[in-house]
1. Asn86 versus (1) farther than 21 Å from Leu141 by Cα; (2) more than 11 Å from the ligand (Cβ to nearest atom); (3) not basic (Lys, Arg): which is the lone unmet condition?
2. What about Ile109, is it touching a strand residue (DSSP E or B) at 6+ places or on another chain (Cβ under 7 Å), part of a strand (DSSP E or B) and more than 17 Å from Leu152 (Cβ to Cβ)?
3. Regarding Pro112, is this residue more than 22 Å from Thr15 (Cα to Cα) and within 15 Å of the ligand (Cβ to nearest atom)?
4. In the list Ile103, Ile125, which residue meets the criterion of being surrounded by fewer than 16 Cβ atoms within 10 Å (Cβ to Cβ), among the aliphatic types (A, V, I, L, M) and either modelled with pLDDT of 95 or more or part of a loop (DSSP other than H, G, I, E, B) (or both)?
5. Condition test on Asp124, is it out of contact with any helix residue (DSSP H, G or I) (no Cβ under 6 Å at 6 or more places or on another chain), touching a residue at least 24 places away in the same chain (Cβ under 8 Å) and among the charged types (D, E, K, R)?
Amino acid sequence: MVNFEELEIAIQQITTNEELTVSERLENICVLLQSSVAHYDWVGFYFHHEQKPELHLKAFAGEPTDHTVIPFGKGICGQVAESNNNFIVPDVQAQDNYIACSINVKSEIVVPLFVEGKNIGQIDIDSNTIDAFDKKDEQFLELVNRMVASILA
Ligand code: SME
């Protein structure tokens, strides 16, 4: 069982740690989530480019990915950049518009990150377990993104 309350406190401590840069705080959040939650095998934050319709990977934990830049509309991440909605994929193999980062990945969740109502990025989590994500992950990751948004505003 994941203790989301404990993780929330730990993330709050990271986000408010002014001794760290924002990038370091994002990296620490990725490492914490990837190492604490068994079904989170890869955790990353992508942010919208300021001029181009592209997502750029800013922090991650897990295997390095080739997909550090993703055009809007492409893959699960690119679709969320345009839809502004959470996207849970129980089985990545059943998706046509999907960008594979690793052959081990079975399911994925992407939750957009809003600052002052604007979708500016997202948290992306891959799992090597099929159908790994549910409403609890979704609500928790929305909360994580709100905490992160408070240091980006
Ligand atoms: N699978 C994502 C690409 C990013 S990787 O998961 C790190 C997608 O389809 O957008």
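1. (1)
2. Details: touching a strand residue (DSSP E or B) at 6+ places or on another chain (Cβ under 7 Å): yes; part of a strand (DSSP E or B): yes; more than 17 Å from Leu152 (Cβ to Cβ): yes.
So Ile109 passes the test.
3. Numbers: more than 22 Å from Thr15 (Cα to Cα): no; within 15 Å of the ligand (Cβ to nearest atom): yes.
The answer is no for Pro112.
4. Details: Ile125 fails: surrounded by fewer than 16 Cβ atoms within 10 Å (Cβ to Cβ).
None of the others qualify; the one that does is Ile103.
5. Details: out of contact with any helix residue (DSSP H, G or I) (no Cβ under 6 Å at 6 or more places or on another chain): no; touching a residue at least 24 places away in the same chain (Cβ under 8 Å): yes; among the charged types (D, E, K, R): yes.
Against the criterion (out of contact with any helix residue (DSSP H, G or I) (no Cβ under 6 Å at 6 or more places or on another chain), touching a residue at least 24 places away in the same chain (Cβ under 8 Å) and among the charged types (D, E, K, R)), Asp124 does not qualify.
One line per residue, one yes/no per condition, for (1) hydrophobic (A, V, I, L, M, F, W, C); (2) buried (at least 20 other Cβ atoms within 10 Å of the Cβ); (3) in a loop (DSSP other than H, G, I, E, B):
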site: Arg25; (1), (2), (3): no, yes, no
site: Asn28; (1), (2), (3): no, no, no
site: Ser35; (1), (2), (3): no, no, no
site: His39; (1), (2), (3): no, no, yes
site: Tyr46; (1), (2), (3): no, yes, no
site: Glu50; (1), (2), (3): no, no, yes
site: Leu55; (1), (2), (3): yes, yes, no
site: Ala59; (1), (2), (3): yes, yes, no
site: Pro64; (1), (2), (3): no, no, yes
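The values are calculated or read from the model by the stated rules, or taken from the named source; none is laboratory data. Remember, it's a predicted structure, so these values are computed and weren't measured experimentally. Glycine gets a Cβ as well: all are built from the backbone with ideal geometry, and neighbour counts include every protein chain shown.
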